[in-house]
1. What ranking do 52-65, 16-29, 35-48, 125-138 get when scored by the average of other Cβ atoms within 10 Å per residue, highest first?
2. Determine ³J(HN,Hα), in whole Hz, for all residues of the range 136-144 in sequence, where each value follows from phi through the Karplus function 6.51 cos²θ - 1.76 cosθ + 1.60 and θ = phi - 60°; x replaces Gly and Pro.
3. Determine which lysines satisfy two conditions relative to residue 24: a Cα distance under 26 Å, and not lying fewer than 8 residues away in the same chain.
4. Of the options 46, 118, 59, report the single residue whose Cα projects farthest towards the positive end of the charge dipole of the chain (beta-carbon charges: Lys, Arg +1; Asp, Glu -1).
5. Defining a contact as two alpha carbons under 8 Å apart and six or more residues distant in sequence, what relative contact order in percent does the chain show?
6. Among 37, 23, 90, whose Cα lies farthest out toward the positive end of the dipole of the chain, if unit charges sit on the beta carbon of Lys, Arg (+1) and Asp, Glu (-1)?
7. Rounded if a/c is under 1.5, else prolate if a/b is larger than b/c, else oblate: which is the range 20-124, with a ≥ b ≥ c the root eigenvalues of its Cα gyration tensor?
Amino acid sequence: MAYLMLPDAYWAVLMPEDELAISKTLQLTGRLFVQYTNKKYRREGTLWAERYRACPIEPTSQYLACINQYLDKLPEQRGYGTGTSWPWRCSELPAIGTTEVTQRQLEQVDQALNAGAAFGSAMFISELERKTGQRAVARPRGRPRASST
């Protein structure tokens with residue numbers, strides 16, 4: 001598990017026991033924490049501006065290294081301080097050694113997270129699609145171009 005708390009977002013890398021574990025956990029946390037916070041600070045309404053977003057990640061050192069570095073860079077990118085010294089950051093991800101992560105891979109992480117798409121190898125993505133019966137990667141936006149014949 002790993003997490004990062006920023007003033008405007010909360011990021012968590014979780015390994016669920018079943019397919020509903022994460023959504024049920026976040027639903028319960030949302031209900032109880034919002035209720036507690038609203039009562040304590042005498043306020044009303046929700047705490048978050050939008051729903052949670054999730055994306056499946058291949059649990060191998062290559063992809064976990066990408067996620068780890070992505071989380072390390074977020075505080076600095078958003079102007080909150082330097083990544084590894086950010087006090088609200090914890091990582092218990094498996095040791096990932098000296099895996100080099102490129103800027104392109106970090107962009108792929110960002111795209112996957114924003115689209116709710118899977119992040120991993122082609123084999124991982126195709127297996128995920130086979131098991132769930134759903135697409136695990138985002139389709140290109142808009143209609144396909146008409147062929148010029």
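1. Numbers: 52-65: 16.1, 16-29: 11.4, 35-48: 9.3, 125-138: 13.1.
Result, highest mean Cβ count within 10 Å first: 52-65, 125-138, 16-29, 35-48.
2. Going residue by residue, I get 9, 10, 6, 7, x, 6, x, 7, x Hz, with x marking Gly and Pro.
3. 39, 40, 131
4. Among 46, 118, 59, the one farthest towards the positive end of the dipole of the chain is 46.
5. Rounded, it is 25 percent for the chain.
6. The one lying farthest along the dipole's positive direction is 37.
7. Because a/c hits 1.5 or more and a/b exceeds b/c, the range 20-124 counts as prolate.
Each reported figure results from applying straightforward, stated rules to the coordinates on display, with no laboratory input. What you are looking at is a predicted structure, and each value in this text was computed from that prediction instead of being measured. For neighbour counting, all protein chains shown are included, and Cβ atoms are generated from backbone atoms with ideal geometry for every residue, glycine included.
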